[in-house]
Amino acid sequence: MVRRARRMNRELATAFPDAHCELDFTTPLELAVATILSAQCTDERVNLTTPAVFARYPDARAYAEANRAELEEYIRPTGFYRNKTSSLIGLGQALLERHDGELPHTLTELVQLPGIGRKTANVILGNAFGVPGITVDTHFGRLVRRWGWTDEEDPVKVEHIVGALIERKEWTMLSHRVIFHGRRVCHSRKPACGACVLVKDCPSFGIGPTDPEAAAKLVKGPEREHLLELVGR
């Protein structure tokens, strides 16, 4: 299992050499805010919303002292804006009270902050602080179960099981690669099996179209041409 999982990670590295966090940010706090806003919302929608948010609320104090109605209007396009507003105001207040307005660097401290669960904390650690972390979002959980790496549904259990299969230094990039693959090739309802670089190692090969031409039509994203070249299309 370890050999197969690491081989699949290497294949994904070839397929997605530029895999990265698709949320736009320049500071750890901006990433935290963007990740909170991304719940039940696409990264694209969040990235359209955050420039105005970041300009209006540049630091923890700005969120802590925000006018609730005004902040709600700024983030309304991301959905669930009332709950998210509560999380952002609470986050700002907690950072001021406990961390001098700065985002902490540890999982233990991050998950104690409003709006930040384990998944969000791993996103922040891996992408803002360079601390390896596995981000078990819906794509990641769906794919590792599809690949037979685990049959667990609980995100924390999935994180620990996958963490035992893959070298720690690879955790953050593995997360990006798996999420990229889930968004571009291994779709939930109709995966592009016949245009996938993981064909040899995937026990679920065949749940989507295996005909190369039909599968090629399902591949999405800016890497589409590169991905199809890798499978000889």
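Could you order peptides 43-56, 181-194 by the average number of other Cβ atoms within 10 Å of their residues, highest first?
Listed from highest to lowest mean packing, they are 181-194, 43-56.
Would you mind classifying segment 139-190 by shape? Square roots of the alpha carbon gyration tensor eigenvalues, ordered a ≥ b ≥ c; an a/c under 1.5 is rounded, otherwise it is prolate if a/b is larger than b/c and oblate if not.
Judged from the Cα gyration tensor, segment 139-190 comes out oblate (a/c at least 1.5, b/c at or above a/b).
Starting from the Cα gyration tensor of segment 59-155, take the square roots of the eigenvalues, sort them a ≥ b ≥ c, and report rounded, prolate or oblate (rounded when a/c is under 1.5, otherwise prolate if a/b is larger than b/c, else oblate).
Taking the square roots of the gyration eigenvalues as a ≥ b ≥ c, segment 59-155 is oblate.
Which listed residue (Asn127, Tyr63, His99) has the Cα farthest towards the positive end of the charge dipole for segment 1-143, taking +1 on Lys and Arg C-beta and -1 on Asp and Glu C-beta about the Cα centre?
Asn127
Can you send over the carbon and sulfur percentage of the accessible area for segment 135-187, probe radius 1.4 Å, protein chains only?
55 percent
Enter the accessible area per residue of the chain (Å², integer; probe 1.4 Å; all protein chains in place).
Solvent-accessible surface per residue comes out at 49 Å².
Return the Rg/Rh value of segment 1-102, two decimal places, where both radii are evaluated on C-alpha atoms and Rh is the Kirkwood radius.
1.13
Whole-Hz ³J(HN,Hα) for each residue in segment 194-206, computed from phi via Karplus 6.51 cos²θ - 1.76 cosθ + 1.60 with θ = phi - 60°, x for glycine and proline: what do you get?
These are the phi-based 3J(HN,Hα) values: x, 10, 10, 6, 9, 3, 5, 10, 9, x, 9, 3, x Hz.
Would you mind calculating the gained length between Ile207 and Asp18 on full extension (0.36 nm times residue separation, minus the Cα-Cα distance), in nm to one decimal?
65.3 nm
Probe radius 1.4 Å, ligands and nucleic acids ignored: give me the carbon and sulfur share of the accessible area of segment 1-52 as a rounded percent.
51 percent
For the chain, what does the helix formula give at 222 nm: sum of -39500 (n - 2.57) over DSSP H segments with n ≥ 4, over the residue count, nearest 500 deg cm²/dmol?
Result for the chain, helices only: -16500 deg cm²/dmol.
Given a Förster distance of 22 angstrom, what is the FRET efficiency for His105 paired with Lys157, based on the Cβ-Cβ distance and rounded to 0.05?
0.35
Let a ≥ b ≥ c be the square roots of the eigenvalues of the Cα gyration tensor of segment 114-233; is it rounded (a/c under 1.5), or, if not, prolate (a/b larger than b/c) or oblate?
prolate
Output wanted: per-residue J couplings in Hz (rounded whole) for segment 123-128, from phi through Karplus 6.51 cos²θ - 1.76 cosθ + 1.60, θ = phi - 60°, x for Gly and Pro.
Running phi through 6.51 cos²θ - 1.76 cosθ + 1.60 with θ = phi - 60° gives 4, 5, 4, x, 9, 9 Hz.
Determine the gain in length on full extension of the stretch Arg3-Leu228; use 0.36 nm per residue of separation and subtract their C-alpha separation, reporting nm with one decimal.
Separation in residues times 0.36 nm, less the Cα-Cα distance, equals 78.5 nm.
Once you list every other residue whose beta carbon is under 14 Å from the beta carbon of Lys217, what net charge do they have if Lys and Arg are +1 and Asp and Glu are -1?
Summing Lys/Arg as +1 and Asp/Glu as -1 gives +2.
Quick one: work out Rg over Rh on the C-alpha atoms of the chain, Rh as Kirkwood radius.
1.01
Using a Cα-Cα cut-off of under 21 Å, which lysines could be cross-linked to Lys119, ignoring same-chain neighbours fewer than 8 residues away?
Filter leaves Lys84, Lys157, Lys169.
Ranking request for peptides 67-76, 5-14: highest mean number of other beta-carbon atoms within 10 Å first, then the rest in descending order.
5-14, 67-76
The values are calculated or read from the model by the stated rules, or taken from the named source; none is laboratory data. These numbers were taken from a predicted model, which means no experiment stands behind them. Don't worry about glycine lacking a Cβ; one is built from the backbone with ideal geometry, like all the others, and counts go over all protein chains shown. Note: areas computed on protein heavy atoms with side chains; ligands, DNA, RNA excluded. Shrake-Rupley method; radii C 1.70, N 1.55, O 1.52, S 1.80 Å.
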